[in-house]
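The values are calculated or read from the model by the stated rules, or taken from the named source; none is laboratory data. Remember, it's a predicted structure, so these values are computed and weren't measured experimentally. Reconstructed Cβ throughout: ideal geometry from the backbone, glycine too, with neighbour counts over all protein chains shown. When the accessible area is computed, the model is the full protein with side chains, heavy atoms only, and any ligands, DNA or RNA have been set aside. Shrake-Rupley method; radii C 1.70, N 1.55, O 1.52, S 1.80 Å.
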Amino acid sequence: MSEVKISAATRTEFGKGAARRIRREDKVPGVLYGHGSDPLHLTLPGHDLLMALRTPNVLIALDVDGKTNELAIPKSVQRDPIKGFLEHVDLLLVKRGEKVQVEVPVQAEGELAPGGYLLEYVLDALPVEAEATHIPEQVTVSVAGLEAGASIHAKDIKLPSGVKLAVEDDTVVLQVLSAQAEEAPAEGEGDEAAEA
């Protein structure tokens with residue numbers, strides 16, 4: 001996993017008014033915390049942060065006020081529900097070699113067996129434990145030829161070296177369902193409902 005470098009500035013103003021002023025400048029308020037240190041309140045460049053967050057579990061190399069370099073991963077991202085812009089971000093401080101628990105997106109590949117089956121994602125992200133600098137971007141699972149009733153458990157997913165499951169082995173991640181056609185009401189049943 002590659003690191004994305006972002007310059008950040010510490011901030012001393014707090015509250016809704018200060019956050020609005022920061023957002024008007026196309027910046028995002030954020031907090032960096034972890035390792036027992038006091039939370040560090042930051043202002044981050046909006047566009048750079050938005051581009052970095054397109055990669056799940058991205059490793060961010062923060063240049064804070066041009067003095068300190070910190071490694072962080074996004075822990076919580078708040079977006080405007082209508083316009084989608086970033087409102088706030090919580091970043092978790094990490095160190096090289098440190099193990100962290102994250103959720104990695106699950107990607108299915110291959111075609112199900114013929115017959116109109118449906119693939120259900122019971123988990124669309126798999127909880128794993130990995131070194132902070134080696135978090136996989138996704139895990140890929142083959143569903144080729146699976147029929148209704150088949151399921152893929154967490155233990156069935158091949159993980160990269162150094163990555164361990166952070167969920168029970170027998171947790172269902174994907175399952176195949178049979179597509180059920182909606183039945184038309186029998187003659188007369190629709191008429192009685194209309195009269196009632």
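Per-structure values
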{"item": "Members of region 101-113 found to be touching an Asp or Glu at 6+ places or on another chain (Cβ under 9 Å) and more than 14 Å from Ala130 (Cβ to Cβ), listed by number", "result": "Val106, Leu112, Ala113"}
{"item": "One residue from Leu118, Leu50 being outside any loop (DSSP other than H, G, I, E, B), closer than 22 Å to Arg21 by Cβ and in contact with a strand residue (DSSP E or B) (Cβ under 9 Å, 6 or more places away or on another chain)", "result": "Leu50"}
{"item": "Qualifying residue in region 10-27 (condition: open to solvent by 50 Å² or more (accessible area, probe 1.4 Å), under 25 Å from the mean Cα position of the chain (by Cα), closer than 22 Å to Val100 by Cβ and modelled with pLDDT of 85 or more)", "result": "no"}
{"item": "Tally, over region 41-78, of residues that are of a type in the set (D, E, K, R) and either within 12 Å of Val4 (Cα to Cα) or open to solvent by less than 30 Å² (accessible area, probe 1.4 Å) (or both)", "result": "4"}
{"item": "Qualifying residue in region 116-128 (condition: acidic (Asp, Glu) and either in contact with a Lys or Arg (Cβ under 6 Å, 6 or more places away or on another chain) or at pLDDT 85 or above (or both))", "result": "yes"}
{"item": "Single residue of region 124-144 satisfying the filter (open to solvent by 50 Å² or more (accessible area, probe 1.4 Å) and part of a loop (DSSP other than H, G, I, E, B)) that is nearest to Lys95 (Cα to Cα)", "result": "His134"}
{"item": "Evaluation of Val106 against (1) open to solvent by less than 50 Å² (accessible area, probe 1.4 Å); (2) over 30 Å from Ser178 (Cβ atoms) (one fails), failing number", "result": "(2)"}
{"item": "Region 30-40, subset more than 20 Å from the chain's Cα centre (by Cα), touching a residue at least 12 places away in the same chain (Cβ under 8 Å) and in a strand (DSSP E or B), residue surrounded by the fewest Cβ atoms within 10 Å (Cβ to Cβ)", "result": "Ser37"}
{"item": "Residue among Pro74, Pro160 that alone is under 30 Å from Lys27 (Cβ atoms) and either in a strand (DSSP E or B) or modelled with pLDDT under 90 (or both)", "result": "Pro74"}
